[in-house]
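A.B. asks: This structure is in structure tokens; I'll ask about it shortly.
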Amino acid sequence: MNSNKKTALITGANRGIGKAIAKKLIRKGIRVIGTSTTQEGVNVINNYLKENGFGIVLNLSNIDSIAEKIHEIYKKKYSIDILINNAGIKEDNLLINMKDKEWNNVITVNLSAIFYLTKSIIRSMIKKRQGRIITIGSVIAHIGNNGQANYSCSKSGLIGFHKSLALEVASKGITVNIVSPGLIKTDFTKTLNSKQYLKYLSKIPMKRLGCPEEVADAVAFLVSEKSSYITGHTLHINGGMYMI
Ligand SMILES: NC(=O)c1ccc[n+]([C@@H]2O[C@H](COP(=O)([O-])OP(=O)(O)OC[C@H]3O[C@@H](n4cnc5c(N)ncnc54)[C@H](OP(=O)(O)O)[C@@H]3O)[C@@H](O)[C@H]2O)c1
């Protein structure tokens, strides 16, 4: 093991935005531990990472397994210098029809799991007096959306969490930021029908969806030394769909 190499843990690295981030970080010489909910996903991760890291199975719905998985990584003598909370889900329904399960699943994976994962890692970052935590938020945290009260709530909850944590660890050499995408071409947006697609497109001044690589570039910047004085920030990547 090359101990000079930094290690990044990226949740949901088998496809979409997480995979693009992983590919970007390995090109910068960072070792990646990527997660997927399935062994097939882990195989995908191992195939593209090759000698630059490895995949592990992690299901964030299973809150109790999170600390255990992190402990396994530490037992293998890897430290986690960079945490990328990328994995996320949506289970849309109008509030009037939203089932408890739809609410709870989304809050658990998109918000509570980030608390547990970050808590498992932050102590070792504090000890090393260095670290980067970057979480993938969403434009929907800022503008809301029909049928996404659960998703919007989970992603806006992250903003307060990250600002508070940023304050707590700012003097310890750790930065804590959110990258907030608009509409990005991944499996996440594949389910849009053409009417929904055109409706969203009409709200994007750049008149196109973003690419996973465009989100990954922002993450790579926040991981780099060039962003050393940025913390508690939300960086929007949305083609002008939402401006503060
Ligand atoms: N695409 C967009 O337009 C868009 C816009 C704004 C924000 N985002 C956010 O960007 C992030 C990545 O989205 P994406 O577009 O890349 O989505 P995606 O292509 O659907 O990929 C989702 C990833 O999350 C993982 N995942 C799902 N459920 C999980 C669970 N219970 N535990 C652990 N991992 C789980 C999946 O792993 P498996 O395949 O192994 O299940 C997969 O790697 C999400 O947080 C999403 O909310 C996306």
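The values are calculated or read from the model by the stated rules, or taken from the named source; none is laboratory data. Quick caveat: nothing in here was measured; it's all calculated off a predicted structure. So basically every Cβ, Gly included, is an ideal-geometry build from the backbone, and we count neighbours across all protein chains shown. Just the protein is used for accessible areas: all its heavy atoms, side chains included, with ligands, DNA and RNA removed. Shrake-Rupley method; radii C 1.70, N 1.55, O 1.52, S 1.80 Å.
A.B. asks: For segment 143-211 and segment 44-75, what is the separation of their C-alpha centers, rounded to whole Å?
C.D. replies: A separation of 24 Å, based on Cα centres.
A.B. asks: Could you tell me how many degrees, from 0 to 90 and to the nearest 10, lie between the Cα long axis of helix 113-128 and the main elongation axis, the longest principal axis, of the Cα atoms of the chain?
C.D. replies: So the inclination is approximately 30 degrees.
A.B. asks: Could you pull out the trypsin sites (Lys or Arg not before Pro) across segment 1-94 that fall in loop regions by DSSP (anything but H, G, I, E, B) with no more than 12 other Cβ atoms inside 10 Å? Intermediate results must be reported in sequence, preceding the final value.
C.D. replies: On the way: sites: Lys5, Lys6, Arg15, Lys19, Lys23, Lys24, Arg27, Lys28, Arg31, Lys50, Lys69, Lys75, Lys76, Lys77, Lys90; in loops: Lys5, Lys6, Arg15, Lys28, Lys76, Lys77, Lys90.
In loop regions of segment 1-94 (DSSP not H, G, I, E or B), the sparsely surrounded trypsin sites (Lys or Arg not before Pro) are Lys28, Lys76, Lys77.
A.B. asks: Also, quick follow-up: Give, as a single signed number, the net charge of other residues whose beta carbon lies under 11 Å from the beta carbon of Val57, with Lys and Arg counted +1 and Asp and Glu -1.
C.D. replies: On the way: positive: Lys69; negative: Glu40, Glu72.
Around Val57, the surrounding residues sum to -1.
A.B. asks: Would you kindly compute the Cα radius of gyration of the chain and its largest Cα-Cα separation (Dmax), both in Å?
C.D. replies: When restricted to the Cα atoms of the chain, Rg and Dmax are 17.3, 54 Å.
A.B. asks: For the modelled label position 7 Å from the Cα of Gln196 along Cα-to-Cβ, which residues of segment 1-32 have backbone nitrogen atoms closer than 19 Å?
C.D. replies: Hits in segment 1-32 for Gln196 at 19 Å: 16-17.
A.B. asks: What nm value, rounded to one decimal, do you get for the distance between Lys76 and Asn145 when each label is placed 7 Å out toward the C-beta?
C.D. replies: Between Lys76 and Asn145, the label points sit 3.3 nm apart.
A.B. asks: Related question: If you count only protein heavy atoms with a 1.4 Å probe, what accessible area per residue comes out for segment 74-177, rounded to a whole Å²?
C.D. replies: Roughly 47 Å² per residue, with all protein chains present.
A.B. asks: Structure shown: which of Lys6/Lys69; Lys76/Lys128; Lys119/Lys163; Lys28/Lys172; Lys76/Lys119 lie over 22 Å apart, alpha-carbon to alpha-carbon?
C.D. replies: Correct reply: Lys28/Lys172.
A.B. asks: A further question follows. Over the chain, what is the relative contact order in percent, taking alpha-carbon pairs closer than 8 angstrom and at least six residues apart?
C.D. replies: Dividing the mean separation by the residue count of the chain yields 19 percent.
A.B. asks: Also: Size of the dipole of the chain about the Cα centre, Lys and Arg at +1 and Asp and Glu at -1 on the beta carbon, nothing else charged, in debye to 20?
C.D. replies: Dipole magnitude for the chain comes out near 660 debye.
A.B. asks: What is the angle, in °, between the Cα long axis of helix 16-27 and the longest principal axis of the Cα atoms in the chain? Nearest 10 is fine, range 0 to 90.
C.D. replies: Rounded to the nearest ten degrees, it is 30.
A.B. asks: Compute the length gained on full extension between Leu167 and Glu213: take 0.36 nm times their separation in residues and subtract their Cα-Cα distance, giving the result in nm to one decimal.
C.D. replies: 13.6 nm
A.B. asks: Which angle from 0 to 90°, rounded to the nearest 10, does the C-alpha axis of helix 212-223 make with the longest principal axis of the chain?
C.D. replies: Between helix and principal axis, roughly 40 degrees.
A.B. asks: Also, quick follow-up: So which trypsin sites (Lys or Arg not before Pro) in segment 130-191 are both in a DSSP loop and have at most 16 other Cβ atoms within 10 Å of their Cβ?
C.D. replies: The qualifying sites are Lys185.
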